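One structure is given below, encoded as structure tokens.
The values are calculated or read from the model by the stated rules, or taken from the named source; none is laboratory data. Owing to the predicted nature of the structure, the values given are computational and were not obtained by experimental measurement. Neighbour counts run over all protein chains shown; Cβ positions are idealised from the backbone, glycine included. We work out accessible area using only protein heavy atoms, side chains counted, and drop any ligands, DNA or RNA first. Shrake-Rupley method; radii C 1.70, N 1.55, O 1.52, S 1.80 Å.
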Amino acid sequence: RAQRALGRLTGSRETELHALLAGSCEREQLLSEEVAGLADALMAKDSLVSTVSHEFRTPLTSIIGNLDLVLGESAELSPAAVRRIEIAQRNAERLLAMVSDLMMSADSAVHVHPRRTDLANLVEASLGSAQAHAEASQVRLTTDVPAPLWAEVDPLRISQALDNLVSNAIKYSPDGGTVHVSARVEGGRVLLHVKDDGMGMTAADAGQVFTRFFRSPAVREGPIPGTGLGLSITKAIIERHGGSISCSTRPGCGSTFTVELPADAAAPAL
Ligand code: ADP
């Protein structure tokens, strides 16, 4: 109809317009074929990543388990050997964490099993397991979370999200400093902040941090390890709970990641 109407309006330019529209249909067809091809390639890549990372898990778990056993008999080892085995173990664990991230990012659907959970407990556990990393990086961990802080969440998945945020906050504070985790309930939502006074980011970087495989130019060439997957997984987890995550940051002035989750309606307001 549009072609006919245009034809009537333009009279002598009808043939020209037909050619133009036919051309644009062809381009549209080509474009949709390209998009379909790209989607297929992405799916194939995800399935390859998922298979390969799955295959990596078994030998890595065996390496970590065996190093554990050797360390269990550390009385028979020299202190230097213990130190080297501990380094190997830490790196194997880091590799395993990266493999887990890769596996999870290849699996497009994040599955959550929410139940009534005390978020204050999860924050405490997350800070507890980050303590060694923080000490090694000369970072102080502080917290201001009212306990209990009930929410209807999947404790394993939310712990994973918290671990990612806390470990990033420590990792991107190369000169040490303080990482502060706080939370409060406001208007039926839990607001949770993970704040650091580390290297921060530009506004352009902050706009992309939740994109898979994104690493800011400032860290890409540097020594801080990472895959660029943690925050995209964290975002998927939070959104799967009906929540949201945002980042406010300035280069050299630290970053604050804010997570918003539905509070547990059954729990008394705090
Ligand atoms: P990774 O840390 O493995 O690179 P993430 O997805 O967790 O991947 O983070 C993506 C990028 O966002 C990081 O590479 C880094 O450039 C930036 N980033 C994340 N957290 C912080 C932070 N707390 N301070 C500064 N930059 C950060």
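Annotations
- Cross-link partners of LYS171 among lysines (Cα-Cα below 23 Å; sequence separation of 8 or more within a chain): LYS195, LYS235
- Modelled label positions at THR178 and ILE224, each set 7 Å beyond Cα in the direction of Cβ, lie 2.0 nm from each other.
- Helix 14-72 axis, angle to the chain major axis (alpha carbon atoms, nearest 10°): 10 degrees
- Rg and Dmax of the stretch 121-224, Cα atoms only, in Å: 14.5, 43
- Fully extending the segment from THR51 to GLU26 would add 5.3 nm, taking 0.36 nm per residue of separation and subtracting the current Cα-Cα distance.
- Angle between the chain longest axis and helix 230-240 axis [Cα atoms, degrees, rounded to 10]: 70 degrees
- With R₀ fixed at 35 Å, the C-beta to C-beta distance from ASN66 to THR202 puts the FRET efficiency at about 0.20.
- For the chain, fraction of C-alpha pairs farther apart than 35 Å, in %: 34 percent
- Folded to 0 to 90 degrees: helix 155-171 orientation relative to the chain principal axis, Cα: 80 degrees
- Taking Cα centre as origin and charging only the Cβ of basic (Lys, Arg, +1) and acidic (Asp, Glu, -1) residues, the dipole magnitude of the stretch 132-270 rounds to 280 debye.
- Straight-line cross-link partners of LYS45 among the aspartates and glutamates, defined as a Cα under 12 Å from its Cα and at least 8 positions apart when in the same chain: ASP107.
- For the stretch 86-136, the fraction of alpha-carbon pairs in successive 10 Å shells from zero, as %: 19, 32, 40, 9
- Theoretical FRET efficiency, 1/(1+(r/R0)^6), r = Cβ-Cβ of ARG240 and PHE213, R0 35 Å, to 0.05: 0.95
- Only Cα pairs under 8 Å and 6+ residues apart enter the sum, and on that basis the relative contact order of the chain stands at 16 percent.
- ILE233, ILE224, ranked by accessible area, largest first (probe 1.4 Å): ILE224, ILE233
- Shape category assigned to the stretch 122-164 from the gyration tensor of Cα positions, a/c cut at 1.5: oblate
- Of the accessible area of the chain, computed with a 1.4 Å probe over protein heavy atoms only, carbon and sulfur atoms account for 57 percent.
- Remark: the stretch 76-90, residue by residue, has Karplus-estimated 3J(HN,Hα) of 8, 10, 6, x, 5, 5, 4, 4, 5, 5, 5, 5, 4, 5, 4 Hz, where x stands for each Gly or Pro and the curve is 6.51 cos²θ - 1.76 cosθ + 1.60 at θ = phi - 60°.
- In the full protein context, the chain carries 60 Å² of accessible surface per residue, based on a 1.4 Å probe and ignoring ligands, DNA and RNA.
- Whole-Å distance, taken between Cα centres, linking the stretch 90-115 and the stretch 124-180: 18 Å
- Net charge of neighbours whose Cβ lies under 15 Å from the Cβ of LEU71, counting Lys and Arg as +1 and Asp and Glu as -1: -2
- The relative contact order of the stretch 89-164, computed from alpha carbon pairs under 8 Å that lie at least 6 residues apart in sequence, is 42 percent.
- LEU77-ALA147 FRET efficiency (beta carbon distance; Förster radius 45 Å; 0.05 resolution): 0.60
- Whole-Å semi-axes of the ellipsoid equivalent to the stretch 68-191 (Cα gyration tensor, √5λ, descending): 31, 19, 14
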